[in-house]
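These notes concern the structure reproduced below.
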Amino acid sequence: MTSRRPCPPAPGPLEEYAARFDDVLATLAQRRGFRECLAGLLAPRDRNKTITCLAGAEPVDGAGSPSVQRLQFFISESTWDAEKVNDRRLVLLRPQEATAPHPGGVIVIDDSGDCKDGTATAHVGRQWLGRLGKTDNGIVTVTTVWTDGRIYYPLHAQPYTPAHHFDRGRADPSFRTKPQISAALAARGKDAGFACRAAVADCAYSTSDDWYLALREVGLPYMVALRPRRGSWARADEPHTPIDAARALTGTDPDHPGDWTPIERHFRDGHTETWWAADARWGGYGPDSPCRLVVATTDPGTLPEKATWYLATNLPHLDAPRAATSTHPSADLVEIVRLYGLRPWIEQSYKQIKDELGWADFQVRSDHAIRHHQTLVNCAFSFCWDQWFAPPGPLDATAPDPCPGDRPERGHQHTPPAPTALLARGLTRRTLLAHPSHHPDLLVASLDRQGPATRTPGPPRRSHHRQPP
């Protein structure tokens, strides 16, 4: 058997990470394309992470260059298995002490959509796009993220295919709803060794019986938000909605808590808030039932809409008769509030993979190519954590600067050389993901902020309405 030909190394610390995937990439071209794509995704760019951008070429004029065509083939046509590459990424996360999963974390389930024009791209259709908050033409991907509030990273992703792509629509045997896809992904995460306390989801998944049944079959406890005015059959004198059940609880202020229990929540920025939580009874939900209804809010008296959670979970109550026989450990109100408080970390992961790593910037049409692109983005995300916990390496002062101060004018034919030793030379003006081994504390901390990124103030604009200061 002949030995493999050596592959040109990736820039800086990326080579050590990329080399761990070499045995699941069959050819030299695949290994080289993997390194080039990751380097392009991590490099600082002022425009979207399209294929020409990954190759460092001009947006239009450089599309025919050999480097761009090579990356186009690697993402669109190459036969490397995206599932095997993603499995290897997860295998690399598990043994590290800093990123190893543990039973105290959660698997967060969500879906996110991005606009895509036309009708020829796989999975595209007119559907609800949560990122935009409206119905439009685009692609929706169901994702799972593991987090414990200290660290978070994507596990699996699968694009949702709208019903009109199937011959028999929703009645087609191959059609899968988003709840069905998400339950299968959560089960895959568990099978891959990512232990969790519960699978957590928002209210979009609370109406699917298939979602509950699928999680129960694989032995995953769940915690899902309910819509406050979701109706259910009940006697005339009993609550008919979750918000009615919350209003039926006694106690409306800290001096007279009644059924409510104070919960001290601690946030990453150091501040704390006092919330109130209680087990409520509604329909078949209750502290002694197989499924509990837990209400958590900042104000039991007014139940503010944006600061009140109505949570359904099969984690048993501490004093419930079934707590001794349940396959899931019991959970008190403090733990219930803590676990669901981890759900927003999947939104934080969207901020990085979409705004910085180019999740939605692919220029491909097939399902095969879209999955390739999404897998590469997740690998780039995990590389950043790999470098965050690695000791800083020495600086290479001889490396070229990929972002020189004097940029050529748009349309210039000259293509700048790709960096051979660094991904970026020090910090850039924006919170990018380039070269995290140089300034890991500053770069990853900037990506880990909970609040929205703030734009650097520019020079004042003159207008005829007011004078500049």
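The values are calculated or read from the model by the stated rules, or taken from the named source; none is laboratory data. Being a predicted model, the structure only gives us computed values, none of them experimental. Note: ideal-geometry Cβ built from the backbone for every residue, glycine included; neighbour counts use all protein chains shown. Remember, those area values only see protein heavy atoms, side chains included, never the ligands or the DNA or RNA. Shrake-Rupley method; radii C 1.70, N 1.55, O 1.52, S 1.80 Å.
For this structure, a couple of remarks:
- Against the conditions (1) of a type in the set (S, T, N, Q); (2) modelled with pLDDT of 95 or more; (3) open to solvent by 10 Å² or more (accessible area, probe 1.4 Å), Q127 satisfies every one except (2).
Here is a yes/no grid of residues against (1) more than 23 Å from the chain's Cα centre (by Cα); (2) farther than 16 Å from I353 by Cβ; (3) of a type in the set (A, V, I, L, M); (4) at pLDDT 95 or above:
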| residue | (1), (2), (3), (4) |
| --- | --- |
| R35 | no, yes, no, yes |
| L42 | no, no, yes, no |
| E58 | yes, yes, no, no |
| G62 | yes, yes, no, no |
| W80 | yes, yes, no, yes |
| G105 | no, yes, no, yes |
| L132 | no, yes, yes, no |
| V142 | no, no, yes, yes |
| V145 | no, no, yes, yes |
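- Cβ pairs under 8 Å, 6+ apart, first in segment 111-126 and within 20 Å of I346 (Cα to Cα), second part of a loop (DSSP other than H, G, I, E, B) and not hydrophobic (A, V, I, L, M, F, W, C): D111/G130; S112/G130; S112/R131; G113/G130; G113/R131; D114/R131
- Residue in segment 232-248 that is most open to solvent (accessible area, probe 1.4 Å), counting only those that are under 37 Å from the mean Cα position of the chain (by Cα) and farther than 9 Å from G283 by Cβ: R247
- Residues that are under 18 Å from G341 (Cα atoms), among the aromatic types (F, W, Y), open to solvent by 20 Å² or more (accessible area, probe 1.4 Å) and touching a residue at least 40 places away in the same chain (Cβ under 8 Å), drawn from segment 258-315: F267, W309
- Matching entry among E347, E356, E335 (being open to solvent by 20 Å² or more (accessible area, probe 1.4 Å) and more than 30 Å from V377 (Cα to Cα)): E335
- Test: residue in segment 372-390 that is more than 29 Å from R47 (Cβ to Cβ) and touching a residue at least 60 places away in the same chain (Cβ under 8 Å): yes
- From D81, D46, D22, D87, residue being in contact (Cβ under 8 Å) with a residue 40 or more places away in the chain, charged (D, E, K, R) and either open to solvent by less than 70 Å² (accessible area, probe 1.4 Å) or farther than 30 Å from A201 by Cβ (or both): D81
- Hits in segment 165-201 - residues which are in contact with a strand residue (DSSP E or B) (Cβ under 6 Å, 6 or more places away or on another chain) and either surrounded by fewer than 19 Cβ atoms within 10 Å (Cβ to Cβ) or assigned to a helix (DSSP H, G or I) (or both): K178, I181, S182, L185, A186, R188, G189
- Scanning segment 203-256 for residues that are closer than 16 Å to T308 by Cβ and without any contact (Cβ under 8 Å) to a residue 24 or more places away in the chain turns up just one, R229.
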